[in-house]
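Heads up, the thing below is written out as structure tokens.
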């Protein structure tokens, strides 16, 4: 299997080099053919894999991406959804992802003051995204990477990214306040008591809620958000261990029911179905059960899960999931390539259903492989260490 992993790594690097320059101001492409635009969130996430390659072309492309994103930052500090387009706004995750990527770029290059003015503005923007002024960030539906998924109010994924950049940038006071807000119990009854804070922890379950806001919320499982909770140390080691066991057990059930054909978790489960309270008419067109954001299997998200397994102290399981991810990224949809690195796959049969040679699929494969090979999670090691330190302070 090592030979296949090495082949996949070489292919992933080829994808990133191919996509490093696109038709929009020479900025990287989001996919080799289908998405020529430089989507901010995709490229910020891809930074995790690009930074570990040591490739000068990719480092130069990432630097240019961050600089242009900063140049198109709004007066108030918001980072656009397209790197080159200052008028394309409204995303909830582009600004925290930008801050995370800049912090990782600084750590890699040693340029501690890189884009400092933009960072100051962006952190201020993020402070104003907390309606309760307690650090936890709110968002509007379909405003994060899931443009076909309803996430309202306090979303797990966006807040996990925010927590990560806070730790990376040394904003520990803000990070402590955010973690405290996130780990309050979610209220699922019809009554919101003023003395009980909202949060994203679900009573009697090891994972964190997809989203929560006042008396509303969703307890569906978000793989990306929970993987980031493990990686960043929001989830204590005991919770992380329980969370991994729960994920694997639930996926066994999905496979037994014929709802999952691969050895990797879907991005969301249980799947939304017609008649569910959170099913929307538009889901019938774009978000069928086990597809796209309603439980599709996304290689980039699975890359985060592999890394989370390493962080949770499950290296053998991480290695097995990397092997499964290697088999998945080989599959292509339309292009005559040996390795597809497709955007997403249908859960029921594993068939690729998105664009081939997706930048973040290739980048997060490289990051996941690096985590398994080194038995550590670059960048997140320091985040978890700072989290642990602050947690210990609270108990002494």
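The values are calculated or read from the model by the stated rules, or taken from the named source; none is laboratory data. None of the values given here were measured: they were computed from a predicted structure. Ideal geometry is used to build each Cβ from the backbone, glycine not excepted, and the neighbour counts take in all protein chains shown.
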Practice item. Say whether the condition of being surrounded by fewer than 24 Cβ atoms within 10 Å (Cβ to Cβ), within 24 Å of residue 271 (Cα to Cα), under 21 Å from the mean Cα position of the chain (by Cα) and modelled with pLDDT of 95 or more is met by at least one residue in the range 354-362. Key: yes
Practice item. Check whether at least one residue in the range 317-339 is assigned to a loop (DSSP other than H, G, I, E, B), buried (at least 20 other Cβ atoms within 10 Å of the Cβ) and on the phi < 0 side of the Ramachandran plot, and report yes or no. Key: yes
Study note, to complete from the structure: Per the filter on the range 101-116, residues in a helix (DSSP H, G or I) and either in contact (Cβ under 8 Å) with a residue 24 or more places away in the chain or under 20 Å from residue 61 (Cβ atoms) (or both) are 101, 102, 103, 104, 105, 106, 107, 108, 109
Check your understanding: In the range 55-65, what residues are surrounded by fewer than 23 Cβ atoms within 10 Å (Cβ to Cβ) and touching a helix residue (DSSP H, G or I) at 6+ places or on another chain (Cβ under 9 Å)?
Key -> 55, 57, 59, 63
Review point. In the range 23-38, how many residues are under 15 Å from residue 59 (Cα atoms) and over 23 Å from the mean Cα position of the chain (by Cα)?
Key: 1
Exercise for review: Quick one: which residue in 138, 160, 175 is buried (at least 19 other Cβ atoms within 10 Å of the Cβ), farther than 16 Å from residue 43 by Cα and touching a strand residue (DSSP E or B) at 6+ places or on another chain (Cβ under 9 Å)?
Suggested key: 160
Practice item. Consider residue 76 carefully, then state whether it is at pLDDT 95 or above, surrounded by 21 or more Cβ atoms within 10 Å (Cβ to Cβ), at negative phi and not in a strand (DSSP E or B). Key: no
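Listed here are the residues, each with its yes/no results for (1) in contact with a strand residue (DSSP E or B) (Cβ under 7 Å, 6 or more places away or on another chain); (2) more than 14 Å from residue 146 (Cβ to Cβ).
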{"residue": "238", "(1), (2)": "no, yes"}
{"residue": "246", "(1), (2)": "no, yes"}
{"residue": "256", "(1), (2)": "no, yes"}
{"residue": "259", "(1), (2)": "no, yes"}
{"residue": "266", "(1), (2)": "yes, no"}
{"residue": "271", "(1), (2)": "yes, no"}
{"residue": "278", "(1), (2)": "yes, no"}
{"residue": "288", "(1), (2)": "yes, yes"}
